[in-house]
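Inspection log for the structure reproduced underneath, given as structure tokens.
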Amino acid sequence: MSKRFYVTTAIDYVNGEPHLGHAYEKVITDVMARAHQSLGEEVFYLTGLDEHGQKVQQAAESAGLPPQTYCDGLAETWRDLTTKLGLSNNDFVRTSSERHKKAVSAILNRLNDEGHFYKDSYQGYYSTKEETFLTEKDKGPDGQFDAMYGEVTELIEENYYFKLGKHQQWLIDYIESNPSFVYPDYRRNEVLGFLKNNTLEDLCITRPKSRLEWGIPLPFDPDFVTYVWFDALVNYASIPAALGDPALGKLRASSDETSNELSLWPADVHVIGKDILKFHAVYWPIMLKAMDLPLPKQICVHGWWQKDGEKMSKSTGNVVDPIGVIDEWGLDAFRFYLVRELGIGPDGNWTDQGFEARYSAELANGLGNLVNRSLSMLNRYRDGKLPKPSRELADEVEASVARVKEQLSKHELQAALQSIWALIARANQYIDQTAPFKLAKQPEQAARLDEILYTMVETTRILAILLWPTLPTTADKIFDQLNLSASPDRLADAAWGGLAEGHQVGKPVPLFPRRDKK
Ligand code: MSP
């Protein structure tokens, strides 16, 4: 059994509806997953929900529902989102599920037995209204806590703590000697800067039940539940463990039966947003080290989307609703804009004008037009039957294929689309320059017209394969129109000459219908 390429997204809090940021992370992770699949690897893609903790408990209370009922209701909406986004995820984790909770308990028990935790009391200012401890920093210039905190009392609270300090130097050394562990570089430097300039405080891994009930009970002390981040990070390993990953036996009870033996751990990539870097690049590696488990190969950190240059916020109404955009413009138009507009790393800015401009220039006029012209002309001039193979653009197309393969394998998703669109522009230019529509009127040019038609249609076939990781539905449609029964999901099939002489193609159907300007 060989290890699969294992890729994950952050798991979303179920305290509201999905927005553009959540959709973005899932789409780029899907493109990576499909890219590896297309490159011939076996892939496992995990996404899902983070259901415990104060935020969710409060949201459930506001909705007047028990937390589990509240989560069960919203989980359907989030699961539907994976379908709506065309994700190829292999599983969907919910942290309130038994299979996950078992693994969290196993880790807690083991680390406790091995002396990684201690119980201590903490004295601080507590706001009952906000259900949180405050520090001196939260005081205003007048030395008082803001009225929004309600009554603030000094409180002593007991909790369990996870000893982090002894792993600090190890982690610095690890990140320094594994330069690709945190991507991009400037995020890696951020983590290193933090680790080198601060002494790691021990992590409080519990909440007293009296203050928070909605969490995984601490297996060795019934008065506490597990801190939501300690619980949530484990999802990356709990699901593989439940599916029988031999590398994660420590997360299962010896009595647990495992059905199929999948080999997933260590994860190849955890895709996350910039706000949760510390949890993934500091706490999670230390948890794994303490468990003596291998570390994920990479934490890949993306930026945040804004809308019209401002933070998206429900209160001001400037949110992008992914479902609304998909319903109006189609799934692949949405996926295209996300990946083409924003590379993995910096922050992005959604504008409706930008979206419409890319739709019209790159999808309708660029790709759509090329596929339409190629199929229409073959139908019109040769009854849809492919002439004998020609190699006129073969070298150029094969060079593009090599470039795109390289970019996809390095997760340079935006650059891969730029290369693909350079090829689309080249193919459209080739048609304009060779002018098959003129040659068609000159019977003595029949052999030349054959060469051009083969080149156009074969280029279209290869483009569908290159597009599949990002625009899977479009790639399938192109293959359908080409009357090919295979799936465009193998980059190995992008070698020139795949279309045989005499193959009969179907009729073109517009892929991205032109829209009138609103
Ligand atoms: N539940 C935690 C993650 C636990 S992972 C073990 C969480 N949830 S979240 O719902 O708040 O965010 C989920 C992901 O969405 C995070 O990676 C976050 O960075 C990302 N995004 C949330 N808003 C975003 C944007 N506006 N733009 C891009 N991504 C954003 O954090």
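The values are calculated or read from the model by the stated rules, or taken from the named source; none is laboratory data. The model shown is predicted, which means the values in this text are computed figures rather than measured ones. All Cβ positions, glycine included, derive from the backbone under ideal geometry; neighbour counts span all protein chains shown. Side chains included, ligands, DNA and RNA excluded: accessible areas come from the protein's heavy atoms. Shrake-Rupley method; radii C 1.70, N 1.55, O 1.52, S 1.80 Å.
Of note:
- Bridge orientation summary for the chain: considering DSSP beta bridges with both residues in this region, about 50 percent are antiparallel.
- If you take the Cα centroid of segment 418-436 and the Cα centroid of segment 1-51, the two points sit 33 Å apart.
- Distance between the pseudo-spin-label points of residue 76 and residue 276 (7 Å out from Cα toward the beta carbon): 2.5 nm.
- Computed extension gain for residue 509 through residue 220, at 0.36 nm per residue and net of the alpha carbon distance, reaches 97.7 nm.
- Taking all protein chains together and a 1.4 Å probe, the residues 430, 125 rank 125, 430 from largest to smallest accessible area.
- In the chain, a dipole from Cβ-located charges (positive for Lys and Arg, negative for Asp and Glu) runs towards its positive end, and of 65, 39, 87 it is 39 whose Cα lies farthest in that direction.
- Look at the dipole of segment 352-493 built from charges on Cβ: of 368, 420, 433, the Cα furthest out on the positive end belongs to 433.
- Cross-link partners for residue 102 among the lysines, with Cα-Cα distance under 16 Å and sequence neighbours closer than 8 places in the same chain left out: 250.
- Seen from all directions on average, segment 352-493 presents a Cα convex hull projection of 8.8 nm².
- Magnitude of the charge dipole for the chain, about its Cα centre and with charges confined to Cβ atoms of Lys, Arg (+1) and Asp, Glu (-1), is about 1700 debye.
- Cross-link pairs beyond the 28 Å C-alpha cut-off, checked among 289/311; 163/314; 278/314; 84/274; 209/311; 274/297: 289/311; 163/314; 209/311
- Note on residue 402 and residue 129: the model spin-label points, each 7 Å out from Cα along the C-beta direction, lie 6.7 nm apart.
- Overall, the accessible surface of segment 359-403 at a probe of 1.4 angstrom is composed of carbon and sulfur to the extent of 47 percent.
- Of 279, 295, 267, farthest towards positive along the dipole that unit charges on Lys, Arg, Asp, Glu beta carbons give segment 256-306: 279
- Taking all protein chains as they are arranged and a probe of 1.4 Å, the heavy atoms of residue 250 leave approximately 60 Å² accessible to solvent.
- The chain: C-alpha gyration tensor shape, a/c 1.5 cut-off, then a/b vs b/c: prolate
- Rounded accessible area per residue of segment 352-493, 1.4 Å, Å²: 40
- A cut-off of 5 Å between modelled amide H atoms, ignoring neighbours fewer than 5 places along the same chain, links residue 384 with 379.
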